[in-house]
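Before any comments, here is the structure.
Each value in this text was obtained by applying a stated rule to the coordinates, not by laboratory testing. Everything numeric in this text was worked out from a predicted model, so none of it was measured. Cβ atoms come from the backbone with ideal geometry, glycine included; neighbour counts cover every protein chain shown.
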């Protein structure tokens, strides 16, 4: 998702925090020049999707790679009233006790109730630097009318009037006592009926005019852990979700003019007068969402057995084609790295301009994108970035399903690394923008923000422990991605490979931080694992610096050079040091990074012109790149800082998605 400033996991392309107003100022100043350029040039974006692709059938065969037998099943009916912005819901939930303990309760999340009043946990949460910070003029809510277990009788089990523990004004986390214990491996069927009221679009869900994004619109049973406890929590502003995998069979009824995109494949469509009911089915997913609007323009292609479906506003056809092409290429690229995409469909929803907070969000087999209609024309890659970020979420956390609330870096951080890594191949050297002749990459932006924020706290914190949305974004998204990017450069390609092992090993496995660290240690060794551990768990930082360069003449006119290099911080990594003599010849030395510093010595045939620590910029998380160079003359060493490109990347990315 991405945050308000950018798509979203950021979203979080990846979530980019910072001053949204500052980004708009930058974009406003550049807009005249950009539009002028757009009128005279062709799109510099990626190749558009193949318009001649064959039409897809409604139901495609399931593409499988390790799909589990799911323990739960939701069979639901939803009737959307687009004028009242309500959903009348009913159905059944088959629930199996997959734990080793008997259960005398379940916990149910009613996350739309986060928007029912000013005193909810969500509304009181930190606002700065993250999406969802506006004040809605209307409320949203979900009201369970009845919950029964027909096989156990007709008694209504719903605790009407119950609230979140310790939060009398919050109704997003509800305990439901069971009339008798549910034994391990025993299955019961709940029958449930409810009404949902969508708020104006905010934080992943809501409506804008006739556009509706239905996220967290139904009563959702909390994640059952193996010991018989439930991972339940209220809806918090900086937190996302955690749930068991389930099978889904959902019917969505709307007026006939409304186009619907949803998690899953379209299995059936029935017309009833001026209404239509569409049935979507999906195996092995931990959530279900749908978008509905009478303004969607639809495009679709089939790639490698997967139906790719794009729904976008009129006038966004170029962005929609580009997003489809990014998704097509992304399925191949990410599938090769992290395991094949297992679902038969993927729906891409580009919300209207009036609903930016619906953009940059990931649900199983459904992502929302974002960005301005003119972005592809002028070379700002907002459409590509948000699409590849949200597509990466299909693996992290869609297929591994880690706990986004307790370990958000396993979700957004790994996704941001995957986004940067993928975009470096899809748009080498210009992953953020290629406009006005200026190529800008995203990695410098993340590097800049992560070095600023690292001193303010640990990365590996629960979402509830962050007091500022900006710190959450910079650490969870940026710092994690920068640490992994550093490892992938210092040990070329190895972090990507290790992450692929992790994604495959823990597919449908709900991994924890120790699982990631174990894989890194096994696949990359102790140096990499210890560096990642320090960077994630202990506010670990690193700053390589040249403390001195001395030289003296020795026999035969040669020169002995001594370079003093120091390392501050607790992250220990090897680093290269280049010594350039007066003739321009380069001599490379390497330090393992252990200890506070080292004196490196060598003999050369002439005097020293310059010394450069980390000449390939492998250590992205180096706090200060200005102290990495030394020169004996007046001419500076070029290319040693990321300051200018980072500034431009930040100004562009802050305004383009989650």
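Go ahead and run the numbers for FRET between residue 154 and residue 526, Cβ-Cβ distance against an R0 of 51 Å, rounding to 0.05.
Calculated value: 0.25.
Label point of residue 124 set 7 angstrom out along Cα-Cβ; within segment 185-221, no amide nitrogen lies under 12 Å from it. Please report how far the C-alpha centroid of segment 186-232 lies from that of segment 483-505, rounded to the nearest whole angstrom. For segment 186-232 versus segment 483-505, the Cα centre distance is 34 Å. The order of the peptides 272-282, 180-190, 248-258 by mean Cβ neighbours within 10 Å, most packed first, is 248-258, 272-282, 180-190.
The label point for residue 256 and the one for residue 465, both projected 7 Å from the Cα toward the Cβ, are 5.7 nm apart.
Where a ≥ b ≥ c are the square roots of the eigenvalues of the C-alpha gyration tensor, would you call segment 207-252 rounded, which needs a/c under 1.5, or, failing that, prolate if a/b is larger than b/c, or oblate? Here segment 207-252 falls in the oblate category.
The order of 270, 197, going from fewest to most other C-beta atoms within 10 Å of their C-beta, is 270, 197. Taking a ≥ b ≥ c as the square roots of the Cα gyration tensor eigenvalues, with a/c under 1.5 meaning rounded and otherwise prolate when a/b beats b/c, else oblate, which class fits segment 479-572? Prolate, because a/c is 1.5 or more and a/b exceeds b/c. Could you give the distance between the Cα centres of segment 350-375 and segment 587-629, to the whole Å? Spelled out, the Cα-based centre of one part sits 44 Å from the other. Across segment 543-618, Cα-Cα distances exceeding 15 Å account for 52% of all pairs. Note on residue 145/residue 624: beta-carbon distance plugged into 1/(1 + (r/R0)^6) with R0 of 60 Å gives a FRET efficiency of 0.50. Judged by the mean number of other Cβ atoms found within 10 Å, the most tightly packed of the peptides 388-394, 577-583, 142-148 leads the ranking 388-394, 142-148, 577-583.
Run through the DSSP bridge list for segment 521-625 and note the antiparallel percent, rounded to the nearest 5.
Antiparallel: roughly 95 percent of the beta bridges in segment 521-625.
Note on residue 270 and residue 314: their simple-model spin labels are 3.2 nm apart, each label 7 Å out from Cα toward Cβ. Each peptide in 613-619, 489-495 receives the mean, over its residues, of other Cβ atoms within 10 Å, and ordering these scores from highest gives 613-619, 489-495. Taking a point 7 Å from the Cα of residue 354 along the Cα-to-Cβ direction, the residues of segment 258-285 with backbone N closer than 17 Å to it are 258-259. Distance from the Cα centre of segment 381-441 to that of segment 88-106, in angstrom? Centre-to-centre (Cα) distance: 35 Å. Can you tell me how segment 340-452 classifies by the Cα gyration tensor, rounded, prolate or oblate, using a/c under 1.5 as the rounded cut? Oblate.
Shown for 106, 221: other C-beta atoms within 10 Å of each C-beta, ranked fewest to most, produce the order 221, 106. Normalised by the number of residues in segment 543-618, the mean separation of alpha-carbon contacts (under 8 Å, six or more apart) gives a relative contact order of 35 percent.
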